[in-house]
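Working notes, beginning with the structure itself.
The values are calculated or read from the model by the stated rules, or taken from the named source; none is laboratory data. Bear in mind the structure is a predicted one, so any value in this text is a computation, not a measurement. Positions of Cβ are generated from backbone atoms using ideal geometry, with glycine treated the same way; all protein chains shown enter the neighbour counts. These area figures cover heavy atoms from the full protein model, side chains too; ligands, DNA and RNA do not enter into them. Shrake-Rupley method; radii C 1.70, N 1.55, O 1.52, S 1.80 Å.
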Amino acid sequence: QNIPLMASQVQLGKAPAVYSPIVQKYLEAHSGSESIDRQNMDVTNDKTIMSCIRSHKKKQIILAGGETDTHLLLTGLSLLERQYQVFLVDELLFSKVSNVTLALRRLQRAGAVMMSLRTLLAELSSSMPKEVKSGLSNRQK
């Protein structure tokens, strides 16, 4: 089963966004993956990103990344409004603020599903390249 991956970060100024080593490794190992720099906190406001999402004809989205209380909150709510199923990976969420409980609660009340990285890996194990799965599993220890 081919699972599309799209990485996106807010581009600051003219410099391209820099992705974490684990994301970069997965992008390189996974054919058909894309990285798209954006200008908006909510990825659904970016026509290129939404075109990419729609092109895969899948209604399930796994969200992971930074600024849970702003970027992921706005993106998750917008995707849910557009009838996508949104899954949030607990260990892959981070923010500059220490408490994102209210944002996560709001997303869950709107219909997003929280899951652990271990659960995600178990569900995707047949689809993920071994070296990436191994790299993610080692980060949990």
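Take the residues in the stretch 101-114 that are surrounded by fewer than 18 Cβ atoms within 10 Å (Cβ to Cβ) and either outside any helix (DSSP H, G or I) or touching a Phe, Trp or Tyr at 6+ places or on another chain (Cβ under 8 Å) (or both); name whichever of them is modelled with the highest pLDDT. So that I can check it myself, show each step before the final result.
Initially, the stretch 101-114 is screened for residues surrounded by fewer than 18 Cβ atoms within 10 Å (Cβ to Cβ), giving 101-102, 105-106, 108-111, 113-114.
With the extra rule that they be either outside any helix (DSSP H, G or I) or touching a Phe, Trp or Tyr at 6+ places or on another chain (Cβ under 8 Å) (or both), the set shrinks to 111, 113-114.
Details: G111: 97, V113: 93, M114: 94.
So the residue we want is G111.
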*Restricted to the stretch 66-100, and to residues that are open to solvent by 30 Å² or more (accessible area, probe 1.4 Å) and aromatic (F, W, Y), which residue is farthest from S8 (Cα to Cα)?*
F87
_Can you pull out every residue in the stretch 38-64 that is in contact with a helix residue (DSSP H, G or I) (Cβ under 8 Å, 6 or more places away or on another chain), surrounded by fewer than 19 Cβ atoms within 10 Å (Cβ to Cβ) and touching a residue at least 40 places away in the same chain (Cβ under 8 Å)?_
I62
*Give the residues of the stretch 11-25 that are at pLDDT 70 or above and within 15 Å of G65 (Cβ to Cβ), sorted by residue number.*
P21, V23, Q24
